[in-house]
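Worksheet for the structure shown next.
Please treat every number below as a calculation from the coordinates, not as lab data. Computed from a predicted model, the values in this text were never measured in an experiment. Heads up, the Cβs are rebuilt from the backbone with ideal geometry, glycines too, and the neighbour counts pull from every protein chain shown.
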Amino acid sequence: MTRTGQRAVRAGALAGSLALVASGAVASNATAAPLVRERVYESWEFADECDGVAYTGAVEMWTNLQVVAAGRDRLAYYRSSLHVQTVYTNSETGRTYTNIRNGSDRDAAITDNGDGTLTIRVQTAGSDRWLDSRGKPFLKNTGVLAWELRVPHNGTPTDPFDDGEADFLGIVRELTGRADLVDREFCTDFLAVTG
């Protein structure tokens, strides 16, 4: 998967696991026009079940992505933001359980390792809110974390469009903030809220 593709997958995966909010400049010395600026809206529906109770899900997702050449070496810094709303409807009761995720991530630092790879430190922040069938807050995650990727740049460190597959190196700053969702089971909560 390319670095650009990795970013799209990463944004979806982070939205699904942590959901994040915060924004910030990609780099203070970014003065050139963005290499990429995309705004995408997507929606879809799906069906599943929890302990034999069928439900449907309706997802709306808004994504913003910007890539800017910055720093002395003019490396490509990514910044993205994401808003996802998923409404889970109990097919037996018609009651809903809603998840609203807002998040952003940005390249905080990029190092050219001199061996054909870049190490990218990514800072991610956001919130993940769950609302009961009356729209009242039920659970919430908020926080910031940082993690690193290693990306082969194929001999062109300033061109993110020909990068190779990214490797996840690990978390370098653990999640800070509120974490109501730790050790929670979706189906247990869904059935309690919509039953």
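Details
- With a Förster radius of 35 Å applied to the C-beta separation of Val59 and Asp159, the computed FRET efficiency comes to 0.60.
- Loop-located trypsin sites (Lys or Arg not before Pro) in region 85-174 (DSSP state not H, G, I, E or B) with no more than 13 neighbouring Cβ atoms inside 10 Å: Arg134.
- Net length available on complete extension from Glu92 to Asn113 is 1.9 nm, with 0.36 nm assigned per residue and the Cα-Cα distance removed.
- Among the GluC sites (Glu not before Pro) within region 37-110, those in coil by DSSP and having at most 14 neighbouring Cβ atoms inside 10 Å are Glu92.
- Cβ-defined net charge surrounding Thr142, 13 Å radius [Lys, Arg +1; Asp, Glu -1]: +2
- With a Förster radius of 30 Å applied to the beta-carbon distance between Arg134 and Thr176, the computed FRET efficiency rounds to 0.50.
- The GluC sites (Glu not before Pro) found in region 159-195 that occupy coil by DSSP, while having at most 11 further C-beta atoms within 10 Å, are Glu185.
- Set of region 146-176 residues, backbone N closer than 19 Å to the point 7 Å along the Cα-Cβ line of Asp73: 147-170
- Net charge over other residues, Cβ less than 13 angstrom from the Cβ of Gly57 (K, R count +1; D, E count -1): -4
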